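Asker: Submitted below is the structure of interest, expressed as structure tokens.
Please treat every number below as a calculation from the coordinates, not as lab data. The structure displayed is predicted, hence computed values, not measured ones. Counting neighbours? That spans all protein chains shown, and the Cβs are built from the backbone with ideal geometry, glycine included.
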Amino acid sequence: MVSIVAANFARFGKRDEDIFAISSESALPIVDKFRDVIDFVVVSNSYSGEFNDISGLNNLLTTHLAIENVPSMRVDNTSGSGGSAVLVAKSLVASDEAKNVLVIGAEKMTGYPTKKSTRIIASLLPPEERRGGPSLPSLAAFMTRSYIREFSPTRESIAMVAVKNHHNGALNPYAHFQADVPLEKVMASRIIADPLRIFEYCPVSDGAVSLLVTSDENSKSLGNKSVKITGTGASSGTSSITSRESLVSIDSVKNSAKKAFKSARKTPQDMDIAELHDMASILEIVESEDVGFFKKGEGWKALETGETSIDGRLPINTSGGLNSKGHPIGASGVAQTAEIYLQLTGQAGKRQAKNVSTGFSLSMAGFGNNSTSFVYEVA
Amino acid sequence: MELYRCSKCSSEYVFRRAVCPKCGSKGFDSVEVKSAVALDSVHLIATPEPFPDDYRVVMFQSGNGARGFCRTTSDVKRGDRLRIGMDENGPVCEPE
């Protein structure tokens, strides 16, 4: 069995520092404590070439941290890089290739015009589809329109994802946004891709987060609180959005979650808390159904009843999610694991959920081209 | 606008693949599409480079079932028939 024994954030948001400073802010507290036992470093990062003119970030980072003799690799799977990196780290430990893996998720994306950032992120689409002018946010708008046609949710229930997650983000000192946003303000905010509005999308953020992944046996000797990864599931679907049978469901999400629950011998109903990939408000709802927390077409009702709030039956995105915490792409999936670690070990501060001993996270690449799911349990 | 038609099963795709996902054939012919039906459209305000600001992205389907995206500044509704053309950045469309 593989466990997480440490998690540390560098604040997400618009940061003046470069990617090395942000990364080391998250990694150094772990490196300082476990320098002698870290025997592999996995860096989750997707766009250091495009945004920072840097290649081989893993080697440059280990040199920066003065652990250059520790083997390392960079994992790039666009928005799902973090989940893939945690899966790689878990596999390195499970296969005995490494004993204590430092995972660093980092991205430095701000400082460019939105139009340029939007182009860089849209580069994950098939070139011929991309030439038709879609952005990733526009795909979420197509999904929203389909979902409204098919299931008739209230428009307010979709916007409530942003209200809930901004509230959670305001309780998270590492989140990009630090303020509540009332429903009226969300509904009156600027349209980005009709019908979705600016508060319903994640911001462009810088940020980093680090984890230490180790074997269950090692975790006892390292002295920190630990959380076990008891289930994993990776799945892919087509990169072509227009080839999909449905826009209100994501195959890779369904399949990765199914695999993770099966390997953990748990069900979605056994979960106490979850972090989902809410790049846009509608995605949290669709994913909460595809994962199996709610019946298809009924996930929006949980926003109206408060079931997914911090004090609800199944808190979702207590961190603020991508929507409020921010989405520094390579860091996001690692941050989801870090949030579950903090919650299950009772270290989540003002946003701590009560009585949580099992957790789930979904790290999604692109617009569902690829997903990695995890089930966690208190050690 | 150019589509790719599988030379074995005649399935059509907007984007080029090495292998037809329906029959496994590796042969494709290039065909021209000039009209299609709008499946849905989204008014996009924050647009990516190199496109202009503020247009509608339309998801369309050709007569043989190929689906793709095109841009327009016109008001396009689901089910509208479209004329498909090209500009310097890619496919553009107008209601017929």
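Asker: Could you tell me which residue out of B:62, B:45, B:20 lies farthest along the dipole of the stretch B:2-95 toward its positive end? Charges go on the beta carbon: Lys and Arg +1, Asp and Glu -1, centred on the Cα centre.
Answerer: B:20
Asker: Please list the non-local residues whose amide H lies under 5 Å from the amide H of residue A:3, H modeled 1.01 Å from N, same-chain partners needing a gap of 5 or more.
Answerer: Here A:214, A:215, A:216, A:229 satisfy the definition.
Asker: If you don't mind, there's one more thing I want to ask. For A:337, A:114, A:308, what's the fewest-to-most ordering of other Cβ within 10 Å of each Cβ? Write out the running numbers ahead of the final one.
Answerer: On the way: A:337 30, A:114 14, A:308 27.
Arranged by neighbour count, lowest to highest, A:337, A:114, A:308 become A:114, A:308, A:337.
Asker: May I pose another question? Just to confirm the filter: which trypsin sites (Lys or Arg not before Pro) across the stretch A:155-233 are DSSP coil and have at most 11 other Cβ within 10 angstrom of their Cβ? Intermediate values should be presented prior to the final figure.
Answerer: Working: sites: A:155, A:164, A:185, A:190, A:197, A:220, A:225, A:228; in loops: A:190, A:225.
Those that pass, being in a loop and sparsely packed, are A:190.
Asker: Moving on. Can you put A:376, A:47 in order, fewest other beta carbons within 10 Å first?
Answerer: Taking fewest neighbouring Cβ atoms as first place, the list is A:47, A:376.
Asker: Residue by residue through the stretch A:203-218, which ³J(HN,Hα) values in whole Hz follow from phi under the Karplus form 6.51 cos²θ - 1.76 cosθ + 1.60 (θ = phi - 60°), with glycine and proline marked x?
Answerer: Ordered by residue, 3J(HN,Hα) equals x, 7, 9, 9, x, 8, 8, 10, 10, 10, 10, 8, 7, 4, 5, 5 Hz.
Asker: Please go through the stretch A:80-128 and write out the GluC sites (Glu not before Pro) that DSSP classes as loop and that have at most 16 other C-beta atoms within 10 Å. Intermediate results must be reported in sequence, preceding the final value.
Answerer: On the way: sites: A:97, A:107, A:128; in loops: A:97.
Passing both the DSSP loop test and the Cβ count: A:97.
Asker: Next up: So how far apart, in nm, are the two label points at residue B:2 and residue B:17 if each is 7 Å from Cα heading toward Cβ?
Answerer: 1.9
Asker: Along the principal axes of its C-alpha atoms, what lengths does chain A span, in descending order and rounded to whole Å?
Answerer: 56, 44, 38
Asker: Want the number for residue A:311 to residue A:183: 0.36 nm per residue separation, take away the alpha-carbon distance, what's left?
Answerer: Full extension from residue A:311 to residue A:183 adds 44.2 nm.
Asker: Let me ask something else. Any idea what % of Cα-Cα pairs in the stretch A:225-328 are farther than 25 Å? Display every interim value, and only then the final one.
Answerer: Numbers: 1059 of 5356 pairs.
Roughly 20 percent, once rounded to a whole number.
Asker: I would also like to ask the following. Using 0.36 nm per residue, how much length does the chain from residue A:296 to residue A:352 gain when fully extended, once their Cα-Cα distance is taken away?
Answerer: On the way: separation 56, 0.36 × 56 = 20.16 nm, distance 2.85 nm.
Roughly 17.3 nm would be gained on extension.
Asker: Further, regarding this structure: Under 18 Å from the 7 Å Cα→Cβ point of residue A:198, by amide nitrogen: which residues of the stretch A:103-117?
Answerer: In the stretch A:103-117, the label zone of residue A:198 (backbone N under 18 Å from the point 7 Å along Cα→Cβ) covers A:110-117.
Asker: Turning to a different aspect of this structure: Is it possible to state the helix-based mean residue ellipticity at 222 nm for chain A, with each DSSP H run of 4+ residues giving -39500 (n - 2.57), the sum divided by total residues, to the nearest 500 deg cm²/dmol? What is it? List each step's numbers first, then the result.
Answerer: Details: 15 runs with 153 residues, N = 379.
Only helices count here, giving -12000 deg cm²/dmol.
Asker: Using the Kirkwood radius built from alpha carbon pairs, what does the Stokes-Einstein equation give as D for the stretch A:163-240 at 25 °C and 0.890 mPa s, in µm² per second? Don't skip to the end; give the middle numbers.
Answerer: Numbers: Rh = 16.7 Å.
Roughly 147 µm²/s, to the nearest whole number.
Asker: Filter A:33/A:108; A:115/A:164; A:115/A:185; A:90/A:296; A:185/A:295; A:90/A:259 down to the pairs with a C-alpha to C-alpha distance above 20 Å, please.
Answerer: Values: A:33/A:108 26 Å; A:115/A:164 28 Å; A:115/A:185 24 Å; A:90/A:296 31 Å; A:185/A:295 29 Å; A:90/A:259 16 Å.
Violating the 20 Å Cα-Cα cut-off are A:33/A:108; A:115/A:164; A:115/A:185; A:90/A:296; A:185/A:295.
Asker: Taking neighbour Cβ counts within 10 Å as the exposure measure, how do A:181, A:103, A:253 sort from fewest upward?
Answerer: A:181, A:253, A:103
Asker: For residue A:192, which sequence-distant residues (separation of 5 or more, or a different chain) have an amide H within less than 5 Å of its own amide H, given hydrogens modelled in the peptide plane?
Answerer: Those qualifying (amide H under 5 Å, at least 5 residues apart or on another chain) are A:197, A:198.
Asker: Each label point is 7 Å from the Cα along the Cα-to-Cβ direction; what then is the distance between the points at residue A:238 and residue B:77, in nm?
Answerer: 2.9
Asker: Considering only the stretch A:253-379, what is the antiparallel percent among its DSSP beta bridges, to the nearest 5? Mind dumping the intermediate values first?
Answerer: On the way: 8 of 12 bridges.
The antiparallel proportion sits near 65 percent.
Asker: Moving on to the next point. How much length, in nm to one decimal, is gained on full extension between residue A:191 and residue A:35, taken as 0.36 nm per residue of separation minus their Cα-Cα distance?
Answerer: Details: separation 156, 0.36 × 156 = 56.16 nm, distance 4.78 nm.
So the extension gain works out to 51.4 nm.
Asker: Under 21 Å from the Cα of residue B:26, which lysines turn up, not counting those fewer than eight places away in the same chain?
Answerer: Qualifying lysines at Cα under 21 Å: B:8.
Asker: Starting from the 7 Å offset along Cα-to-Cβ, what nm value, one decimal, do you get for the label separation of residue B:86 and residue A:28?
Answerer: Modelled inter-label distance: 5.4 nm.
Asker: Rg and Dmax of the stretch B:2-95, using alpha carbons, in Å: what are they?
Answerer: For the stretch B:2-95, the Cα-based Rg and Dmax read 14.2, 41 Å.
Asker: For the stretch A:246-255, just list the computed ³J(HN,Hα) in residue order, Karplus coefficients 6.51, -1.76 and 1.60, θ = phi - 60°, integers in Hz, with x standing in for Gly and Pro.
Answerer: These are the phi-based 3J(HN,Hα) values: 9, 9, 10, 8, 10, 4, 5, 5, 4, 6 Hz.
Asker: Let me ask another. Using the Cα centre of chain A as the reference point, and only Cβ charges (+1 on K/R, -1 on D/E), how large is the resulting charge dipole? Debye, rounded to the nearest 20. Could the numbers behind the result be given before it?
Answerer: Values: 39 positive and 41 negative charges, 99 e Å.
It works out to roughly 480 debye.
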